[in-house]
Amino acid sequence: MRQNTQKKIVNAAERLILKGGYEGTSLNDMVAAAGVSKGALFHYFTNKQAVSLDVLEKYANEQIFLPLEKHMMTAPSVKQGLMSWLQESYRAYAQWKFEGGCLLGNMALELSDRDPEMRERIKQIFLQWENQMVGFLKPVAAQGKLLMEPRQFARLLISSYEGITMSVKVHKDHIRASREFLALGELIERMILD
């Protein structure tokens, strides 16, 4: 029951922060959306930042690390795994009607200049994502099939992906979003020679 209450709070906070941002979400909003008392929230979390750190962890695992891992482990090649992951990402954003964007990127833009602790955790998650990508790309580079150093290509992919998620959130245009995801797919096609 305790773990369920904590999960309810984190799940509700994730939805609220994704839609309204960190500053646009209060503890009262989280309590109301989770259907718990303020005392229950404070039993698990000391403040809004603590809730948000758990939200970041949940989002990073469920929306970034695990999906990428799944596609890379089930595809016959790194290129096909990246393309499959990209297609799933596009479908997910389209299903959400391009609302919300990437919570990690949103929080990075909103908090990096104001909250050193949150900035540090966001930076660590980006680095973890980069390292995950590098792990998949190194064998391809070792075979001479990657036209860029693995870490630089991982950074380029992540930066491009985040830029696309910001653009589709702003434009909310299926055609534009499709073209932007296709352009990133074309970059992958050209950079990996398998």
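The values are calculated or read from the model by the stated rules, or taken from the named source; none is laboratory data. Just so it is clear, the structure is predicted and the values come from calculations on it, not from any experiment. No Cβ is skipped: glycine too gets one built from the backbone with ideal geometry, and neighbour counts run over all protein chains shown. Just the protein is used for accessible areas: all its heavy atoms, side chains included, with ligands, DNA and RNA removed. Shrake-Rupley method; radii C 1.70, N 1.55, O 1.52, S 1.80 Å.
Listed values, structure above:
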item: Residues located in region 104-113, provided they are within 15 Å of the chain's Cα centre (by Cα) and open to solvent by 60 Å² or more (accessible area, probe 1.4 Å); result: Leu109
item: Set Glu110, Glu149: member being within 20 Å of Glu57 (Cβ to Cβ) and modelled with pLDDT of 95 or more; result: Glu110
item: Test: residue in region 95-103 that is without any contact (Cβ under 8 Å) to a residue 12 or more places away in the chain, open to solvent by 20 Å² or more (accessible area, probe 1.4 Å) and either in contact with a His (Cβ under 7 Å, 6 or more places away or on another chain) or more than 30 Å from Ala177 (Cβ to Cβ) (or both); result: no
item: Unique match (being at negative phi and touching a strand residue (DSSP E or B) at 6+ places or on another chain (Cβ under 6 Å)) among Val134, Val170, Val140; result: Val140
item: Filtered residue count, region 146-177, keeping only those that are touching a Phe, Trp or Tyr at 6+ places or on another chain (Cβ under 9 Å), outside any helix (DSSP H, G or I), more than 12 Å from Gly100 (Cα to Cα) and not hydrophobic (A, V, I, L, M, F, W, C); result: 1
item: Any pair with Cβ under 8 angstrom, 6 or more apart, that starts in region 66-77 at a residue that is free of Cβ contacts under 8 Å to residues at least 12 places away in the same chain and ends at one that is polar (S, T, N, Q) and in a helix (DSSP H, G or I); result: Thr74/Ser84; Ala75/Ser84
